[in-house]
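The values are calculated or read from the model by the stated rules, or taken from the named source; none is laboratory data. Treat the numbers as computed from the prediction; the structure is a model and nothing was measured. Note: ideal-geometry Cβ built from the backbone for every residue, glycine included; neighbour counts use all protein chains shown. These accessible areas exclude ligands, DNA and RNA; they are computed on the full protein's heavy atoms, side chains included. Shrake-Rupley method; radii C 1.70, N 1.55, O 1.52, S 1.80 Å.
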Amino acid sequence: SRDDGFSPLKGDLDHTKIRATEGVITYNSPIDDLKISYIQKMIEEAQGAKIYFVVSPIWYGMDSTQFQPIKSICAEKGIPFFDYSNDLKYVHHDEYFVDGSHMNEQGANEFTKDLVALLRKQR
């Protein structure tokens with residue numbers, strides 16, 4: 001059968017795959033200039049196509065300050081940036097995840113519905 005690039009993960013949250021530290025994930029890594037340059041190049045090569053940047057939900061929640069360079073680029077270029085990483089509908093809701101970072105089929109379907117509804121409003 002065809003999945004067109006998407007095969008949802010099956011199953012329920014396995015708490016053994018959750019990091020031992022509680023709370024929001026924080027990243028103290030420096031900004032990767034190479035990744036930023038690739039994002040800028042991708043935007044330039046889109047040649048008028050409508051682009052959206054989306055951060056999917058994560059079970060832990062996330063320190064979204066790491067996205068500030070991308071948010072700045074998006075703001076400068078008029079590109080919508082949607083951050084679901086801390087969306088209370090999803091954060092710590094076991095029924096939507098198989099581990100701390102990956103949604104299961106139920107979560108992926110629910111998130112897709114939310115994202116489609118949001119994108120329809122953007123037209």
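Selection of the range 35-67 for residues being at pLDDT 90 or above and part of a strand (DSSP E or B) yields Phe53, Val54, Val55.
Restricting Asp63, Asp114 to those that are closer than 27 Å to Asp33 by Cβ, within 13 Å of the chain's Cα centre (by Cα) and not hydroxyl-bearing (Ser, Thr, Tyr) reduces the list to Asp63.
Selection of the range 109-123 for residues being touching a helix residue (DSSP H, G or I) at 6+ places or on another chain (Cβ under 8 Å) and over 13 Å from Ile58 (Cβ atoms) yields only Glu110.
Checking each residue in the range 80-123 for being aliphatic (A, V, I, L, M) and either buried (at least 17 other Cβ atoms within 10 Å of the Cβ) or without any contact (Cβ under 8 Å) to a residue 24 or more places away in the chain (or both) picks out Leu88, Val91, Val98, Met103, Ala108, Val116, Ala117.
Within the range 10-22, at least one residue is at pLDDT below 80, among the β-branched types (Val, Ile, Thr) and open to solvent by less than 80 Å² (accessible area, probe 1.4 Å).
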